[in-house]
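Chemist: Handing you a structure now.
The values are calculated or read from the model by the stated rules, or taken from the named source; none is laboratory data. Values in this document were obtained by computation on a predicted structure and should not be read as measured data. Ideal geometry is used to build each Cβ from the backbone, glycine not excepted, and the neighbour counts take in all protein chains shown. These area figures cover heavy atoms from the full protein model, side chains too; ligands, DNA and RNA do not enter into them. Shrake-Rupley method; radii C 1.70, N 1.55, O 1.52, S 1.80 Å.
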Amino acid sequence: MASELKHSQVMALPNHPSLHAHDYRQVVIGLQGQTEFELSGRGSLVGPGQGCLVSESELHAFSGRGHNEILVINLPDAVLMGELSMKQKVDTLFQRDAYFQLDSQAQVLVKALTAEMVANPDDLILGRACADTLLCVMERHFRDQLAPRRQGHRLNMDIIDLYIRQHISRKISVAQMAGSVFLAESQFHQLFKAQVGMTPHQYVLKKRFDLAQELLCTSELNLTQISDSCGFSSQSGFTSAFSRYFGMSPSRFRQQH
């Protein structure tokens with residue numbers, strides 16, 4: 001993404017798709033707006049507090065959406081080999097799902113550290129220190145998100161709901177939802193169903209219908225626009241699914257409300 005490789009940098013992505021791979025790992029964290037990434041055939045929007053882990057030699061596509069800003073941390077092996085403890089943290093980090101969502105505490109830290117980087121762009125030592133701090137915090141979050149489950153703690157539904165809300169106009173996979181709370185897909189599915197009483201797929205569908213109801217009652221969008229906004233593949237598919245779910249068509253629902 002840059003002609004000169006820096007340990008960390010804040011940048012904006014162009015609004016046209018690009019595709020490449022590099023021989024080092026990379027952590028990307030959204031700061032402003034939205035960017036779109038596709039890693040190993042899995043696409044996702046990355047907004048503030050969200051991010052992705054790009055493995056070495058992994059072909060990935062990316063593009064910005066309007067005004068955007070991301071933090072990129074480059075992790076060449078030549079740098080990590082001299083710091084065994086950091087290499088271990090990075091290795092642990094990259095064993096998790098490629099897409100992630102940071103909690104509010106981590107997002108505050110990201111904002112503070114990136115502000116220091118932006119204010120002092122030529123201070124390479126400061127940039128490295130800030131990036132290393134973020135990596136340590138992220139590795140701890142991944143680890144801590146797993147440990148409480150063994151103690152009977154619950155999934156953080158606020159993070160899951162935020163992820164769904166930010167991606168509701170697109171296809172949302174169970175793997176992506178699991179990645180937002182740093183869990184393997186099978187573990188997430190089991191915990192989710194036990195806690196919520198429905199599968200992740202059923203829950204996302206309910207959220208889509210909740211938004212559809214809201215838009216039918218409060219907006220002047222037509223059915224095609226509402227279908228797109230709620231993540232349905234077509235207006236006819238939306239109408240059919242809505243009718244089965246509520247026992248009436250979207251048009252009838254709008255008339256009655």
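Chemist: Sort out for me the helices (runs of 4 or more DSSP H) sitting completely within the range 47-124 that have 3 or more residues that are open to solvent by 50 Å² or more (accessible area, probe 1.4 Å), closer than 21 Å to residue 31 by Cα and of a type outside the set (Ser, Thr, Tyr).
Modeler: Passing ranges, in order: 104-119.
Chemist: Cβ-Cβ distance below 9 Å, separation of 6 or more or different chains: which pairs start in the range 130-142 with a residue that is more than 12 Å from residue 72 (Cα to Cα) and open to solvent by less than 10 Å² (accessible area, probe 1.4 Å) and end on one that is modelled with pLDDT under 80 and of a type in the set (Phe, Trp, Tyr)?
Modeler: If the second residue must be modelled with pLDDT under 80 and of a type in the set (Phe, Trp, Tyr), the pairs left are 142/182.
Chemist: Can you name every residue in the range 213-257 that is closer than 27 Å to residue 178 by Cβ and touching a helix residue (DSSP H, G or I) at 6+ places or on another chain (Cβ under 6 Å)?
Modeler: Answer for the range 213-257, where residues must be closer than 27 Å to residue 178 by Cβ and touching a helix residue (DSSP H, G or I) at 6+ places or on another chain (Cβ under 6 Å): 227, 230, 231, 232, 238, 245.
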